[in-house]
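In what follows, a structure is listed as structure tokens, so that the remarks can point back to it.
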Amino acid sequence: MPVTAQDAGPRTAVVVGAGIVGLSTAWFLQEHGVRVTVLDRTGVAAGASWGNAGWLSPGLAIPLNEPGVRRTGVASLVRRDAPLHVPWTADPGLWSFLLRFAAHCTWPAWNRVVRANLALNDDCLDAFDTLTRGGVVAETTDSPITAVFPSAGEATTLLSELRRFTAAGARADHTGLTATELRALLPQLSAHAGAGVRLTGQRYADPARFVRALADSVRHRGGTIRAGFDVRSIRAHPHAVTAVSREGVTFSGNVAVIATGAWMPRLAGRLGVRVPVRAGRGYSFTVPASAPIPEPVYLPGVRVACTPCRDGMRVAGTMEFRGPDDPPDERRVEAIVRSAAPFFEGVDWEGRGHTWVGPRPVTTDGLPLIGATGTPGVFVAGGHGMWGFTQGPVTGKLLAERVVTGKRPEALRPFDPLR
């Protein structure tokens with residue numbers, strides 16, 4: 001029997017979304033010989049991929065749905081400066097999402113997420129290396145990440161979490177630090193820093209620079225990236241899928257991948273994907289410092305991540321459940337400053353710039369959506385929560401294999417979009 005073009009796998013693909021997940025999927029599809037067109041309503045790295053902390057941190061990819069989040073969520077309703085912020089709103093969709101998320105904040109559900117993520121976290125750094133060896137001209141820097149606490153007692157929460165994390169099969173090599181050891185390693189810290197936990201085997205990068213370099217590589221390898229293309233519908237035909245813009249302009253391919261992050265439900269909800277996705281918005285900014293930190297610093301008590309950045313650091317934090325297109329709330333930035341400033345010396349907090357808010361896509365069960373939809377030829381990838389940058393390239397690698405071979409890698413089974 002002769003082999004048809006369909007049997008041989010897709011020759012062309014349309015990828016909707018030019019963030020780390022969409023562009024990684026496009027790049028790995030090109031590895032299989034697929035000609036790709038990437039469409040984005042704004043441009044490369046315009047969403048959650050631009051101003052995040054830039055950590056490649058499988059050792060800290062700890063699920064959000066631990067039982068204590070339910071207590072934190074209640075507190076967030078009355079404290080605007082809480083690391084998790086849920087605004088009072090009449091939006092029934094948000095309250096439905098939060099109730100379903102709370103139902104998954106149990107240790108059995110948490111363990112399921114850890115085990116499901118093992119394959120992504122174990123291979124995530126190798127996927128970045130594949131990209132840089134293959135022509136993505138951007139650095140990732142090997143570095144420990146040091147978590148900092150006011151006291152040794154407060155460090156026990158993270159140590160307990162890491163013990164549970166590793167007991168479930170994850171790898172998180174770490175060492176406890178006294179105040180003296182901590183400030184010897186990081187003299188930029190103030191006397192408020194009383195204890196630390198140092199995780200090895202992690203990395204960091206400039207997220208915007210990396211994603212732009214990834215886009216350049218996709219173009220260099222023959223791909224097309226079209227900015228300003230707001231996809232409003234996906235239409236399936238025999239052996240083809242068409243993306244239709246707001247203005248009625250179309251692009252077609254043998255297959256389509258929706259990788260639009262927190263905006264995913266607008267398209268995927270019509271294709272049989274019923275797992276809710278909401279924007280857990282994070283904020284970041286840069287600050288100058290008299291002595292820049294040499295490595296990433298994590299402040300778990302206030303959920304703030306600090307990353308070396310030029311002559312200072314990028315400061316990122318908070319989880320705010322508002323619409324992905326809502327304007328930034330300066331009060332959230334001020335809350336991050338108030339919570340992080342006591343830990344550092346020599347930082348010019350008034351000189352902050354490059355303020356950013358990005359909508360991280362969060363699912364109700366803590367698991368991303370990676371795989372086929374109910375419409376033949378259409379796939380989705382997203383919903384990684386805080387770990388989209390860490391897990392984006394390995395997601396693209398696994399999904400490209402699924403798209404081209406027609407066979408689902410075992411690693412993707414827990415992330416079935418139709419679950």
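Rounded to the nearest 500, what is the 222 nm mean residue ellipticity of the chain from helices alone, with -39500 (n - 2.57) per DSSP H run of 4+ residues and division by all residues?
Calculated at 222 nm, the ellipticity per residue is -10000 deg cm²/dmol.
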Among Pro342, Pro187, Pro92, which one moves the most in a GNM of the chain with springs linking Cα atoms closer than 10 Å? Pro92
What fraction, in whole percent, of alpha-carbon pairs in the chain exceed 32 Å separation? 33
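Taking only protein heavy atoms into account and a 1.4 Å probe, give the accessible area per residue of the chain in Å².
Accessible area per residue: 41 Å².
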One point scatterer per Cα, no solvent, Debye formula: log10 I(q)/I(0) for the stretch 103-246 at q = 0.12, 0.15, 0.18, 0.20 Å⁻¹ comes out as -0.80, -1.00, -1.11, -1.17
Magnitude of the Cβ-charge dipole of the chain, K/R +1 and D/E -1, about the Cα centre, nearest 20 debye? 1140
Once ligands and nucleic acids are excluded and a 1.4 Å probe is used, how much of Glu345 is accessible, expressed in Å² to the nearest 10? 110
For the chain, set up a GNM with springs between Cα atoms under 10 Å and report which of Gly17, Gly385, Gly33 has the largest fluctuation. Gly33
Using only the alpha-carbon atoms, what does the stretch 284-419 span along each of its principal axes? Please give whole angstrom values in decreasing order. 55, 31, 24
What list of whole percents do you get for P(r) of the stretch 206-316, with Cα-Cα distances grouped in 10 Å bins up to the one holding the largest distance? 11, 27, 28, 21, 12, 2, 0
Working out 0.36 nm times the residue gap between Glu31 and Asp416, then minus their Cα-Cα distance, what length gain in nm do you get to one decimal? 136.3 nm
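Beyond 16 Å, how much of the Cα-Cα pair distribution for the stretch 149-206 remains, as a whole percent?
Roughly 49 percent, once rounded to a whole number.
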Considering only protein heavy atoms, what is the solvent-accessible area of Leu60 at a probe of 1.4 Å, reported in Å² to the nearest 10? 10
Heavy atoms of the protein only, probe of 1.4 Å, neighbouring chains included. What is the accessible area of Glu330 in Å², nearest 10? 80
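The values are calculated or read from the model by the stated rules, or taken from the named source; none is laboratory data. Computed from a prediction, not measured in an experiment: that's the story for all the values here. When we count neighbours, we look across all protein chains shown, and the Cβ atoms used for this are built from the backbone with ideal geometry, even at glycine. Quick note on the areas: whole protein, heavy atoms, side chains included, nothing else; ligands and nucleic acids left out. Shrake-Rupley method; radii C 1.70, N 1.55, O 1.52, S 1.80 Å.
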